[in-house]
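What follows draws every value from the coordinates through simple rules; no lab data is involved. No experiment lies behind these values; they were computed from the predicted model shown.
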Amino acid sequence: MQQTLWGVTKTRRSRKRRNSHQPTAATPYSITGTNDCEIIGHTLNAYDLAGCSTCLDCGVRVFCPGCTQSHPQDEHAVPVCCQRHEESTVSA
């Protein structure tokens, strides 16, 4: 209990906790069947400092040939230009 400036004691109302329900993720689906990445292109994660990334859909490792000559860890990685080098190839 608390006392106001005038000496009246008041009780605080307790706050209700909200039930925070995490939304369940929808199951991933394919637009074109089984080969979305071959038709639409890879959905890339952020590029790291070495110019490497992964595809969010199929999990393949991707590297930018403008940033690095080859993928440092995976010799079967797919070369895809990052945004910085993709613009320079379009304008040339």
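Computed values, structure above
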read-out	value
Size of region 43-92 as Cα extents on the principal axes (Å, biggest first)	30, 22, 18
Estimated vicinal HN-Hα couplings, Hz - region 12-20 in sequence order (Karplus 6.51, -1.76, 1.60; Gly, Pro = x)	7, 7, 7, 7, 7, 8, 7, 7, 8
Under-5 Å amide H pairs with Val78, H placed in peptide plane, nonlocal only	Arg61, Val62, Phe63
Asp57 long-range amide H proximity, modeled H, under 5 Å	Thr43
